[in-house]
Amino acid sequence: MVFFLAFLYNGCMDKKKLLLIDGSSVAFRAFFALYQQLDRFKNANGLHTNAIYGFQLMLNHVLERVEPSHVLVAFDAGKTTFRTEMYADYKGGRAKTPDEFREQFPFIRELLDHLGIRHYELAQYEADDIIGTLGRLAEKDSFDVTIVSGDKDLIQLTDEHTVVEISKKGVAEFEAFTPDYLMEKMGLTPAQFIDLKALMGDKSDNIPGVTKIGEKTGIKLLLEHGSLEGIYENIDG
């Protein structure tokens, strides 16, 4: 746990509650939540500030609500990861990151530094990978974990000790996924959610799924056969 604790901000130490924030995803959501007011959010030097402002609003809201003892914000290190080595078209076709968004990233990191909140990125890995790894390490050390992201892929990480909050609207409204809520909403376990993503693919990441299988059909097949393996075992012919 030495590596784990080296990248955390310690708040109130009478409880072990870890908040992991997908900084890249949340900043991106904040930028587009206030995109229609882009010209309004600009300082005297011409720097756009909508993502910075939205990120801080989100951060204040989540810190007040979750009251964590430890916090880490993870960022993507770049476009090239171990996934692009495995699949060259991973995230291919995405539009270029707007310059108005890119220019704000250094100041979001500076904001975190001033608040005493640690942030981390790792070459060849995405923020999701950092969050998934540290979340599991924290659980082994008796932490309760809250994950905040705009990426629904992270829902698969929910379990009895981990809540995954996905931004729903604007920068302050989130949908909190627990195993019970996932079952209530979709009828699936976290393991089945992974299988659902495999069946559907992911257009935003340019990952193909099974032809003509979307969310509804994927859920129906998983409810009927239990797992991806069960579906394949029951394919006719």
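The values are calculated or read from the model by the stated rules, or taken from the named source; none is laboratory data. What you see is a predicted model, and the numbers here were worked out from it, not measured in a lab. FYI the Cβ positions are ideal-geometry reconstructions off the backbone, even for glycines, and counts take in every protein chain you see. Note: accessible area is taken over every heavy atom of the protein model, side chains too, but ligands, DNA and RNA are not part of it. Shrake-Rupley method; radii C 1.70, N 1.55, O 1.52, S 1.80 Å.
If the condition is being polar (S, T, N, Q) and either at pLDDT 90 or above or part of a loop (DSSP other than H, G, I, E, B) (or both), then region 199-237 contributes 206, 211, 217, 227, 234.
Counting residues in region 159-166 that are modelled with pLDDT under 95, open to solvent by 20 Å² or more (accessible area, probe 1.4 Å) and either out of contact with any Cys (no Cβ under 9 Å at 6 or more places or on another chain) or of a type outside the set (Ser, Thr, Tyr) (or both) gives zero. Which condition number in (1) over 30 Å from residue 176 (Cβ atoms); (2) out of contact with any Leu (no Cβ under 8 Å at 6 or more places or on another chain) is the one that residue 67 fails? Failed condition: (1). For region 103-117, a residue qualifies if it is surrounded by fewer than 17 Cβ atoms within 10 Å (Cβ to Cβ) and outside any helix (DSSP H, G or I), and the qualifying residues are 103, 116. Of the candidates 28, 32, 55, the single residue that is open to solvent by 70 Å² or more (accessible area, probe 1.4 Å), within 18 Å of residue 127 (Cα to Cα) and not in a loop (DSSP other than H, G, I, E, B) is 28. Pull up region 167-179, narrow it to residues that are modelled with pLDDT under 85 and aliphatic (A, V, I, L, M), then point me to the one that is most open to solvent (accessible area, probe 1.4 Å). Restricting to residues being modelled with pLDDT under 85 and aliphatic (A, V, I, L, M), the top hit is 172. One residue is enough: does region 172-183 have a residue meeting the conditions closer than 17 Å to residue 71 by Cβ and either in contact (Cβ under 8 Å) with a residue 24 or more places away in the chain or not in a helix (DSSP H, G or I) (or both)? Yes, some residue in region 172-183 is closer than 17 Å to residue 71 by Cβ and either in contact (Cβ under 8 Å) with a residue 24 or more places away in the chain or not in a helix (DSSP H, G or I) (or both).
Within region 189-237, restricting attention to residues that are free of Cβ contacts under 8 Å to residues at least 12 places away in the same chain and basic (Lys, Arg), the residue that is nearest to residue 83 (Cα to Cα) is 203.
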